[in-house]
Amino acid sequence: MVYEERNTWASMVVTVVVLIAYVVIVLQRAGGGPLTEVLWWPIMLGAIVGAIVLTIVVSILWGILAGMRDPDGVGQSDQRDRDIARFGDRVGQSFMVAAGLGVLALCAIQAHWFWIANAMFFGFALASLAGSLARVVAYRRGLA
Amino acid sequence: MVKPTRVTNRIRAVREGAGLTQAELARRIGVTRQTLIAIEQSKYSPTLELAFQLSRVFGLGIDELFQYPEADSE
């Protein structure tokens, strides 16, 4: 597995773990009451910062382990990585557009800030997941 | 969507004929071994630049290394 594919897997796994943790914490804080009563932004901020830090840590640790097994080209990227990254970005971007439209719709109906912020947050997360998934598929099945 | 490339090649046969390993050839053209494997398996169409580099390593023309189906067989 090449350096960029490892980073993509790391990002995908961390995003799923952080999303699940975020949902569990928000539901716990709500305690069965309305979700809009939850002080959501510190949890969301923690999730975003946590995801970034965790992705970096997992990538570094995985890189060290991979380097011990196969020191050749452990941090090397090439044209195929750049092509696959562009493909993944294109897929992820469509989810960002959908999330942006969702946010506009929620603003139009004057939804609670909680729902607007969370629509954007999950839009970012889904865009990242979809982009990562597209990259992994391209690495495994090929990119014409 | 991801689809297999229609460009095929005989890089593997030529490489083996030249006694080069995948790692050696990958190093010579500046890509990862995984990228060379993807090219050999026709899972990735190399850029024109890479195609030229490959053809120069073997001293062959690009169309001797790569094949693309004729228009009437599409």
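Summary of values
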read-out	value
Gyration tensor verdict on segment B:8-60 (Cα atoms; rounded if a/c is under 1.5, prolate if a/b is larger than b/c, oblate otherwise)	rounded
At R0 = 30 Å, FRET efficiency that the Cβ-Cβ distance of A:Ala108 and A:Val17 yields, to 0.05	0.35
Pairs of Cα atoms farther than 25 Å apart, segment A:3-141, %	37 percent
Long-range HN-HN contacts of B:Gln67 with modeled amide H, under 5 Å	B:Thr8, B:Asn9
Fewest-first ranking of B:Thr21, B:Thr32, using other Cβ atoms within 10 Å as the exposure measure	B:Thr21, B:Thr32
Calculated FRET efficiency for the pair A:Ala98/A:Glu37, C-beta based, R₀ 30 Å, to 0.05	0.65
Efficiency of FRET between A:Leu27 and B:Arg6 - r from beta-carbon atoms, R0 41 angstrom, step 0.05	0.25
Degrees separating the helix A:40-69 axis from the principal Cα axis of chain A, which is the longest one	10 degrees
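Any read-out appearing in this document is the output of simple, stated calculations on the displayed coordinates, not a laboratory observation. Please read all numbers here as calculations on a predicted model, not as lab measurements. Here the Cβ is made from the backbone with ideal geometry for all residues, glycine too, and neighbour counts use every protein chain on show.
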